[in-house]
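Notes follow once the structure below has been shown.
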Amino acid sequence: MISGGDLVAEFLLKQNILQLFTLCGGHISPILVASKARGIRIIDTRHEADAVFAADATARLTGKVGVVAVTAGPGITNSVTALQNAMLAQSPVVLLGGAAPTLLKGRGALQDIDQLSLMRPNVKWAGAVRKRKEIIPKLTTAFEKAMEGTPGPVFLELPVDILYPEELVRNWYDQAKTKGKSISQKLTNWYISRHVKGIYSGTIPPIKTINQTKPESGSFNITKLQKLVARSQKPVLLIGSGAITQPDNITDLAEAVATLGIPTYLSGMARGLLGANHSLHFRHRRKTALKSADLVILCGVVCDFRLDYGNHLGRATYVGINRDRTDLYKNRKPDLAIHSDPLAVICEWSRNHSKSPDWSNWKVELRDNEEAREKEIQAQAQVISKQGINPLQLFRQLDKELSDHAIIVADGGDFVGTASYTLAPRKPLSWLDPGSFGTLGVGGGFALGAKTVNPDAEVFIIYGDGSSAYSLMEMDAFMRHKMPVIAIIGNDACWNQIARDQVEMLKDDCGTTLAHSDYEHVAKAFGAAGSRVETMQEFVDALKAARKANANGQSFVINAILAPSDFRKGSLSM
């Protein structure tokens, strides 16, 4: 008779799930073995959080559910941060979690905790299987919940005795029976037999294919929006990650934005939507632009701390377009609220677009601000230090070197913040960052996910030296699974984004100091390569060596010793 592990694998296969991320554990072994037998790629990591991050990345880049399986207890608790990150990023992830045998729940079994109570606040939906016949219906619910409405992570608990072959499980329970003849012993044996029979009773329902790609766009009317735009003299379009939930239609979104002709700022996963040098795309002095605008349209963007809770919008008329009703109204009520998928709205709007007003003066004003800021950055980038590499100079050089098929994974604070000002992603879906949760540690998992779905892409992980320690051990996974990446660590021996303000305000650097550690040796320990660089010429040479190593299937770590910089002074967010 088919085991629970086989049923899970059959279901995943039916949904065209091509890879399963995991960190192995005895509770979930049947899922892994059965999935591999059916051609599903098993990609194991060195930490459960990285497995969830990897599944999250595949979901963002494909628009389909990312699936991860972890063992019970610590495997589940290690996943919570990554799940909450996916929750806030509106990323559809299904976490399959092992659990203690159904008969031993709450009795002190190995790694047995109340997993559902832990998970419910961190996911859209949490459920548990208690009988084999429930596996397919509960998996169906999990996938549907992950995709419907606002996408997000879900959790399904699968006890160990539901997953293993029936004959083996019956043998386990038979061994638990007593040989005595007292009434209590007979009742115990009867109860065990009854419980086992219940686990395997009932008919297993057929597996259906679930639509994972196209979100519900809902009903919307763009007439009011068109009238507001027609009257506007200084409109601004701000597009964020919430508009990038349909990767298959991302080209349509880019073309629609170009048709509308509105000055556009991009954030989060939307970076790269218009390529590197589009005339409508503005990158600098966004706050100034928003305060000067008379119309601000937020597409998949929330009025949270990144927009000073809506205060950056000044007195402009505010249009909000968001799939999530809570995010749509957060902190500032839109003058026009459109509760729908932003991509669908923008594309429909462009199809009904005739002619844009003359915003040439407004665009000149924004471009002047853009060029002035670029001159400031250029001047700061030219400062040479004997204490290490100017991070602005490093990124300006890297930007010149980026290929059209590069994907950038951002994992850090100060160093990554500098990268966001200076690196221009070349195409849509080529920038991955954690999102509003500000989670450090996404680098290794996100890069694994990116290489899984885009094996020919050149993947760069931009690490701060602090954040690198969370997932640098995944160099092991990159090598074992033949997914070469290039990791660039900005090594200033400090948690600089925190230290800069902490020292000024509190006069103490406690807890923020690190060392100029030789992080490249971690890569070498796993068969990857790396080098420590302290000058720009050494960085250029290391980048060439990294690309050569990647071509030979070898990951590479560039440990870049940075000079002190106050480029992002005052960047502490609350």
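Taken together, the values in this text are just the output of simple stated rules run on the coordinates, not laboratory data. Values in this document were obtained by computation on a predicted structure and should not be read as measured data. All Cβ positions, even for glycine, are placed from backbone atoms using ideal geometry, and neighbour counts span all protein chains on display.
Which of (1) 1.45; (2) 1.27; (3) 1.05 is the computed Cα Rg over 2.2 N^0.38 Å for the structure on display?
Correct label is (3).
Using only the Cα atoms of segment 382-561, construct the convex hull and provide its projected area averaged over every direction, in square nanometres to one decimal.
So the Cα hull casts an average projection of 10.1 nm².
Output the 0 to 90 degree angle, nearest 10, between the alpha-carbon long axis of helix 536-551 and the longest principal axis computed from the alpha carbons of the chain.
40 degrees
From the mean inverse distance of alpha carbon pairs (Kirkwood) and the Cα radius of gyration, derive Rg over Rh for segment 334-447.
Ratio value, two decimals: 1.05.
For segment 450-553, what's the relative contact order in percent, using C-alpha pairs closer than 8 Å and at least 6 residues apart?
Once normalised by length, the contact order is 27 percent.
So how tilted is helix 342-351 from the main axis of the chain? Cα-based, degrees 0 to 90, rounded to 10.
Here the helix axis deviates by roughly 50 degrees.
Using the 10 angstrom Cβ neighbour count as an exposure proxy, how do Leu156, Leu295, Leu88 rank, fewest first?
Leu88, Leu295, Leu156
State the extension gain, in nm to one decimal, for the chain segment bounded by Val503 and Lys224, taking 0.36 nm per residue of separation less the distance between their alpha-carbons.
Stretched out fully, the Val503 to Lys224 stretch lengthens by 95.5 nm.
Could you give the C-alpha radius of gyration of segment 111-244 expressed as a fraction of 2.2 N^0.38 Å, taking N as the number of residues it contains?
The reported ratio for this selection is 1.77.
Residue-wise, which Karplus ³J(HN,Hα) couplings in Hz belong to segment 39-47, taking 6.51 cos²θ - 1.76 cosθ + 1.60, θ = phi - 60°, and x for glycine or proline?
Those phi angles translate into x, 7, 6, 9, 10, 9, 10, 9, 7 Hz.
How large is the dipole of the chain about the Cα centre if only Lys and Arg carry +1 and Asp and Glu carry -1, each at its Cβ, rounded to the nearest 20 debye?
1740 debye
Of Met536, Ala419, Ala457, which is farthest towards the positive pole of segment 382-561's charge dipole, taken about the Cα centre with +1 and -1 on the beta-carbons of Lys, Arg and Asp, Glu respectively?
Projecting each Cα onto the dipole axis, the largest value belongs to Ala457.
Any chance you could tell me what percent of the C-alpha pair distances in segment 82-155 go past 16 Å?
51 percent
For a Förster distance of 30 Å, can you work out the FRET efficiency between the beta-carbons of Ser517 and Phe305, rounded to the nearest 0.05?
0.45
Which distance in Å, rounded to a whole number, links the C-alpha centroids of segment 179-197 and segment 261-328?
Comparing the Cα centres of segment 179-197 and segment 261-328, I get a distance of 66 Å.
Please give the charge dipole size of segment 382-561, origin at the Cα centre, charges +1 on K and R Cβ atoms and -1 on D and E Cβ atoms. Round to the nearest 20 debye.
Here the size comes out at about 560 debye.
I'd like to know which of Val409, Tyr265, Ala72 lies farthest towards the positive end of the charge dipole of the chain, counting +1 on Cβ of Lys and Arg and -1 on Cβ of Asp and Glu.
So the residue furthest toward the plus end is Ala72.
Under 11 Å from the 7 Å Cα→Cβ point of Glu374, by amide nitrogen: which residues of segment 240-278?
Under 11 Å, as judged by backbone N against the label point of Glu374, lie 277-278 of segment 240-278.
Within 10 Å of each candidate Cβ there may be at most 15 other Cβ atoms; applying that plus a DSSP loop requirement, which trypsin sites (Lys or Arg not before Pro) in segment 231-323 survive?
Qualifying residues, ordered by number: Arg283, Arg315.
Give me the distance in nm between label points sitting 7 Å out from Cα along the Cα-to-Cβ direction at Gln185 and Arg170, one decimal.
Going from the Gln185 label point to the Arg170 one covers 2.3 nm.
Leu13 versus Gln397, label points 7 Å from Cα toward the beta carbon: distance in nm?
According to this spin-label approximation, the distance is 5.1 nm.
Spelling out what I want: for every residue of segment 311-321, take phi, set θ = phi - 60°, compute 6.51 cos²θ - 1.76 cosθ + 1.60 (Karplus), and round to whole Hz; glycine and proline get x.
Result, rounded to whole Hz: 5, 5, 7, x, 9, 5, 5, 10, 10, x, 10.
Which value, in nm² and rounded to one decimal, describes the direction-averaged projected area of the C-alpha convex hull of segment 4-200?
Average of the hull's projected areas for segment 4-200 equals 10.7 nm².
Ranked from highest to lowest mean number of other Cβ atoms within 10 Å per residue, what is the order of the peptides 58-67, 171-180?
With the highest mean Cβ count within 10 Å placed first, the list reads 58-67, 171-180.
How much mean residue ellipticity at 222 nm does the chain get from its helices, if each DSSP H run of length 4 or more adds -39500 (n - 2.57) and you divide by all residues, to the nearest 500 deg cm²/dmol?
Computed ellipticity for the chain at 222 nm equals -12500 deg cm²/dmol.
If all Cα-Cα distances of segment 383-422 are sorted into 10 Å bins from 0 onward, what percent lands in each bin, rounded to whole numbers?
Whole-percent P(r) values from 0 Å outward: 27, 53, 19, 1.
Using alpha carbons only, how many degrees (0 to 90, rounded to 10) separate the axis of helix 391-401 from the longest principal axis of the chain?
Once rounded, one gets 80 degrees.
In terms of the Cα gyration tensor, with a ≥ b ≥ c the square roots of its eigenvalues, is segment 242-319 rounded because a/c is under 1.5, prolate because a/b exceeds b/c, or oblate?
Prolate.
Taking every eigenvalue of the Cα gyration tensor of segment 30-144, multiplying by 5 and rooting it, what semi-axes result, largest first, whole Å?
22, 17, 15
What ranking, highest mean first, results for peptides 446-453, 162-169 when packing means the other Cβ atoms within 10 Å averaged over each residue?
Going by the mean number of other Cβ atoms within 10 Å, highest first, we get 446-453, 162-169.
Collect residues whose amide H, placed 1.01 Å from N in the peptide plane, falls under 5 Å from the amide H of Gln19; neighbours closer than 5 in sequence don't count.
Arg41
Quick check: the distance between the Cα centres of segment 82-136 and segment 374-445, to the nearest angstrom?
The distance from the Cα centre of segment 82-136 to that of segment 374-445 comes to 37 Å.
Taking the C-alpha atoms of segment 223-367, how large are the radius of gyration and the largest Cα-Cα span, Dmax, in Å?
Just the Cα atoms of segment 223-367 yield Rg and Dmax of 13.6, 36 Å.
How many lysine pairs does segment 283-368 hold where the Cα atoms are under 25 Å apart and the two sit 8 or more places apart or on different chains?
7
Exposure proxy check: Ser184, Ser193 ranked by fewest other beta carbons within 10 Å?
Ser184, Ser193
Would you be so kind as to identify which of Gln226, Leu336, His312 lies farthest towards the positive end of the dipole of segment 223-367, taking Lys and Arg as +1 and Asp and Glu as -1 on Cβ and the Cα centre as origin?
His312
When we measure straight from the Cα of Lys133, which lysines land under 23 angstrom away, once same-chain ones fewer than 8 places off are left out?
Within the straight-line limit of under 23 Å, Lys133 reaches these lysines: Lys14, Lys36, Lys105, Lys145, Lys197, Lys208.
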